[in-house]
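Trainee: Pasting a structure here, questions to come.
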Amino acid sequence: MFNVIPPTGVPFGWNFVFHSDQRDQNSFRDELGRLLGGDAFLTCSGKAALYLVLKTARRIYPNRNEVIIPDYTCWSVPSAVVRAGLKVRPVDIEIETLGLSPQKLETSINGKTLAVVVTHLFAMPSRIDEIEKICKRANVLLIDDAAQGFGASVDQKPLGSFGDAGILSFGRGKNITTISGGAALIRHRELSEIAAASYSNEFPFAEANSISDMIQLSAYKILSNRYAFWLPEILPFLRIGQTTYEPEFDVNPMPECRASRGVMMLNNLNEISKDRIRKAALYESQFLGADGIIIPSPPMHSIIPYLRYPILLKDANIRRYILKKGHKLGISGMYPDTVSSIRELRPHLAENSSSRGVSSRVAQTLLTLPTHYGIDNDDLRRIADFVKFALRRKA
Ligand SMILES: Cc1ncc(COP(=O)(O)O)c(C=O)c1O
């Protein structure tokens, strides 16, 4: 009971927890702008950043009210679209990248399409190059949501730097964290000017919560240890591992104390990413030639600090068995279903939107394995061996 590998984790020292220098607040903004391009707007969460971009986009194109998103992705994405007063058009994903299918995207864009939001699950790049061309041809905005992909790149171009705006999240389960926080990197000139003009109205209030952050970071540091993780797991209000559709989220700027910790965290991005890349390569070698699983195949020339390592199981019964028995190994199934299946979202779906297909299949067959600093090579082999054992057991 007391040895449970957490699904995610970000390493940081006590100096990070007790960091109180607030002089760096603008540096975080500047540094993100330098890394990804565009004007950086710091927000209290990734969804708030996405909301800012979408709400502003609507001002430029008042006659367009639909946003295309992948049908299998984090439910925060449709939450932000609805919060911005827009309709969601989920489009099917493809098995190779677990991201938007460019072909299906192309046939789904219509005169009401305001923007396309591309997400990169577990940091694995979607076919963003092709999607960028499609969006340019159709003259719709492209939002490169790299909430899960900070540190990843395609052809040396970082995720979050494509299209008209990029989105980042610094939530607890991300590659680097400030407990919570987000950023919009806006490269579209008019979008950036309007966002800057409306930002202080839309995002009026940042709590000065340095002490509460210290407490939360201390709890995160202590409880993300595998011998303590059972505790947060049994506290229902922490909602560990739950995916929720909640359009009523807070819309605030990032508090200064978080922005200054963000600068500190950025120094660790490369090291943390390298460790995840190495672990993903080890998983890949472990599963080479294994029957009964499909490993997604991301675009060539990608560098991927996998947030989690995704595999697809051909047999739903084996998957169920692994999820039930492999929980203590940090194995999880991710989002419970497709975006289009969220009941509360139905009134906010664009007309005639239907996707399902591959998205549905992925929702039923996906397993994700931990890649964070808290597992070592022996753990990783144990996890892979357990999956392979489950596959053989059924065969
Ligand atoms: C693709 C994607 N976009 C947006 C978000 C929202 O980020 P946050 O949790 O910081 O609001 C998430 C969160 O996991 C995400 O995965």
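Trainee: Would you mind calculating the gained length between A196 and T244 on full extension (0.36 nm times residue separation, minus the Cα-Cα distance), in nm to one decimal?
Mentor: Values: separation 48, 0.36 × 48 = 17.28 nm, distance 2.98 nm.
Taking A196 through T244 to full extension adds about 14.3 nm, to one decimal.
Trainee: Counting only Cα atoms, I'd like the Rg/Rh figure for segment 269-394, Kirkwood definition for Rh.
Mentor: 1.02
Trainee: Still on this structure: Are any of the pairs K174/K328; K112/K136; K47/K328; K325/K388 more than 24 Å apart by Cα-Cα distance, and if so, which? Can you show the working numbers first?
Mentor: Working: K174/K328 20 Å; K112/K136 15 Å; K47/K328 30 Å; K325/K388 13 Å.
Distance filter (> 24 Å) returns K47/K328.
Trainee: Something else about it: State to the nearest 20 debye the size of the charge dipole of the chain about its Cα centre, where the only charges are +1 on K and R beta carbons and -1 on D and E beta carbons.
Mentor: 1080 debye
Trainee: Treat every Asp and Glu Cβ in segment 280-395 as -1 and every Lys and Arg Cβ as +1, leave all other atoms uncharged, and give the resulting dipole magnitude about the Cα centre to the nearest 20 debye.
Mentor: 520 debye
Trainee: With all pairs of different alpha carbon atoms counted, what Kirkwood hydrodynamic radius in Å does segment 11-122 show? Please list the in-between numbers first.
Mentor: Numbers: mean 1/r = 0.0620 Å⁻¹.
Roughly 16.1 Å, rounded to one decimal.
Trainee: With r as the distance between the Cβ atoms of F2 and R189 and R0 = 56 Å, compute the FRET efficiency 1/(1 + (r/R0)^6) and round to 0.05. Kindly include the intermediate steps, with their values, before the conclusion.
Mentor: Details: r = 55 Å, r/R0 = 0.98.
So, using R0 = 56 Å, E works out to roughly 0.55.
Trainee: Among the aspartates and glutamates, select those whose C-alpha is under 17 Å from the C-alpha of K157, and discard any that sit fewer than 8 residues away in the same chain.
Mentor: E31, D129, E130, E132, D144, D145
Trainee: Quick check: the distance between the Cα centres of segment 194-231 and segment 66-135, to the nearest angstrom?
Mentor: 28 Å
Trainee: Roughly speaking, to the nearest percent, how much of the chain's 1.4 Å accessible area is carbon and sulfur?
Mentor: 51 percent
Trainee: Follow-up. Give me the percent relative contact order of segment 312-378, please, defined on Cα pairs under 8 angstrom at least 6 residues apart.
Mentor: 49 percent
Trainee: Further, regarding this structure: Using just the C-alpha positions of the chain as equal point scatterers, what log10 of I(q)/I(0) does the Debye formula give at each q in 0.11, 0.13, 0.14 1/Å?
Mentor: Values returned for q = 0.11, 0.13, 0.14 Å⁻¹ are -0.76, -1.09, -1.27.
Trainee: I've got another one for you. Of the peptides 186-196, 254-264, 211-221, how do they stack up when ordered by the mean number of other Cβ atoms within 10 Å, highest first?
Mentor: Ranked from most to least packed, the peptides come out as 254-264, 186-196, 211-221.
Trainee: Tell me the per residue accessible area of the chain using a 1.4 Å probe; a whole number in Å² is fine.
Mentor: The answer is 43 Å² per residue.
Trainee: Please arrange W230, W75 by accessible surface area, largest first, computed with a 1.4 Å probe and ligands excluded.
Mentor: Ranked from most to least accessible, the order is W230, W75.
Trainee: Tell me the relative contact order for the chain as a rounded percent, counting alpha carbon contacts under 8 Å between residues six or more apart.
Mentor: Relative contact order of the chain: 26 percent.
Trainee: At 0.36 nm per residue, and after removing the present C-alpha to C-alpha distance, how many nm does the segment from Y227 to R320 gain when stretched out fully? Could the numbers behind the result be given before it?
Mentor: Numbers: separation 93, 0.36 × 93 = 33.48 nm, distance 2.51 nm.
Roughly 31.0 nm would be gained on extension.
Trainee: Which listed residue (H348, A316, L282) has the Cα farthest towards the positive end of the charge dipole for segment 269-394, taking +1 on Lys and Arg C-beta and -1 on Asp and Glu C-beta about the Cα centre?
Mentor: Checking the options against the dipole of segment 269-394, the answer is A316.
Trainee: Also: With an 8 Å Cα cut-off and a minimum separation of 6 or more residues, compute the relative contact order for segment 14-202 in percent.
Mentor: Numbers: 384 pairs, mean separation 46.9, N = 189.
RCO, segment 14-202: 25 percent.
Trainee: Follow-up. With +1 on the Cβ of every Lys and Arg and -1 on the Cβ of every Asp and Glu, and nothing else charged, how large is the dipole of segment 324-367 about its Cα centre, in debye rounded to the nearest 20? Mind dumping the intermediate values first?
Mentor: Working: 7 positive and 3 negative charges, 70 e Å.
Computed about the Cα centre, the dipole is about 340 debye.
The values are calculated or read from the model by the stated rules, or taken from the named source; none is laboratory data. Quick caveat, the model's predicted, so the values are computed rather than measured. Note: ideal-geometry Cβ built from the backbone for every residue, glycine included; neighbour counts use all protein chains shown. The protein model used for the area step is the full one, side chains on, heavy atoms only, and it has no ligands, DNA or RNA in it. Shrake-Rupley method; radii C 1.70, N 1.55, O 1.52, S 1.80 Å.
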